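These notes concern the structure reproduced below.
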Amino acid sequence: MDKKKSLFLLTVAAAAGSVIYNIWKPIKTDLPVIQDFDLERYLGKWYEIARMDFFWEKGLKNVTAIYEKKEDGTIRVNNQGVKIKNNKTKQSIGKAKPASDPNEGALKVSFFGPFYSGYNIMHIDDNYQYALIFGDNLDYMWILSREKNIPEDIKDKYLDYAQKAGYRLEDLTWTIQE
């Protein structure tokens, strides 16, 4: 089998898998994202405090996300962390753009070609220091901070909201930040 055919079959399989997953995925309640979102203030470096673990981040510590606006208006997303097992850095570069209204905290993020996922900012403090992010379904959630930790009252508020939205808090992975 030649390389073109293999690549085509791999792309078709990935697309079919994505469609099937989206049909069977856990459903998230239809909650509103933040309004009056200021993308410029959101840009920069964030530390991951907690996440719903998934294959790309499994076994990672010191996870960060850096958001940078590009000249074309899209956002460069630089996610990286360190593998606990061997201390090697793992990095993934993606892109993001507003899902619709740029004043709403709803972005579309892609790390794999034309396939985008929802990135919904559900809570953010007035100073843009702490954020609660939901994905398209209950498999994806992040708590982010501009520092390597988060105040207990903010953490409790975000966890309470996530639990009421249907997230299983016992499935959260608390990120080691050294």
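The values are calculated or read from the model by the stated rules, or taken from the named source; none is laboratory data. Everything numeric in this text was worked out from a predicted model, so none of it was measured. Using ideal geometry, Cβ is built from the backbone for each residue, glycine included, and neighbour counts are taken over all protein chains shown.
Does LEU159 meet the test of being closer than 27 Å to SER110 by Cα, hydrophobic (A, V, I, L, M, F, W, C) and at pLDDT below 95?
Criteria not met by LEU159.
Checking SER110 against (1) among the hydroxyl-bearing types (Ser, Thr, Tyr); (2) more than 25 Å from TYR161 (Cα to Cα); (3) at pLDDT 95 or above, which single condition isn't satisfied?
(3)
Pick from region 45-90 the residues that are β-branched (Val, Ile, Thr), farther than 23 Å from TYR116 by Cβ and surrounded by 14 or more Cβ atoms within 10 Å (Cβ to Cβ): which of them is nearest to the chain's Cα centre (by Cα)?
Among those that are β-branched (Val, Ile, Thr), farther than 23 Å from TYR116 by Cβ and surrounded by 14 or more Cβ atoms within 10 Å (Cβ to Cβ), it is ILE49.
Among the candidates LYS97, LYS88, LYS69, LYS83, single out the residue that is out of contact with any Gly (no Cβ under 7 Å at 6 or more places or on another chain), among the basic types (Lys, Arg) and closer than 18 Å to THR175 by Cβ. It would help to see each step written out before you state the result.
On the way: LYS97 fails: closer than 18 Å to THR175 by Cβ; LYS69 fails: closer than 18 Å to THR175 by Cβ; LYS83 fails: out of contact with any Gly (no Cβ under 7 Å at 6 or more places or on another chain).
Only one candidate passes the filter, namely LYS88.
Quick one: in region 162-178, of everything that is assigned to a helix (DSSP H, G or I) and within 17 Å of the chain's Cα centre (by Cα), which residue is farthest from GLU57 (Cα to Cα)?
Going through the qualifying residues, I end up with ALA162.
When you look at ILE121, is it among the β-branched types (Val, Ile, Thr), in contact with a helix residue (DSSP H, G or I) (Cβ under 9 Å, 6 or more places away or on another chain) and closer than 27 Å to GLN177 by Cβ, yes or no?
Spelling it out, ILE121 is indeed among the β-branched types (Val, Ile, Thr), in contact with a helix residue (DSSP H, G or I) (Cβ under 9 Å, 6 or more places away or on another chain) and closer than 27 Å to GLN177 by Cβ.
Just to be sure I understand, how many residues within region 71-112 are assigned to a loop (DSSP other than H, G, I, E, B), in contact (Cβ under 8 Å) with a residue 60 or more places away in the chain and over 22 Å from GLU40 (Cα atoms)?
Qualifying residue count, region 71-112: 1.
Please go through region 113-125 and pick out each residue that is without any contact (Cβ under 8 Å) to a residue 60 or more places away in the chain and either among the basic types (Lys, Arg) or closer than 24 Å to TYR161 by Cβ (or both).
Listed by number, the residues that qualify are SER117, GLY118, TYR119, ASP125.
Any chance region 126-135 includes a residue that's in a helix (DSSP H, G or I), loosely packed, with under 14 Cβ neighbours inside 10 Å and not hydroxyl-bearing (Ser, Thr, Tyr)?
No: region 126-135 contains no residue that is in a helix (DSSP H, G or I), loosely packed, with under 14 Cβ neighbours inside 10 Å and not hydroxyl-bearing (Ser, Thr, Tyr).
Go through region 136-161 and count every residue that is assigned to a loop (DSSP other than H, G, I, E, B), surrounded by fewer than 14 Cβ atoms within 10 Å (Cβ to Cβ) and charged (D, E, K, R).
Counting residues in region 136-161 that are assigned to a loop (DSSP other than H, G, I, E, B), surrounded by fewer than 14 Cβ atoms within 10 Å (Cβ to Cβ) and charged (D, E, K, R) gives 1.
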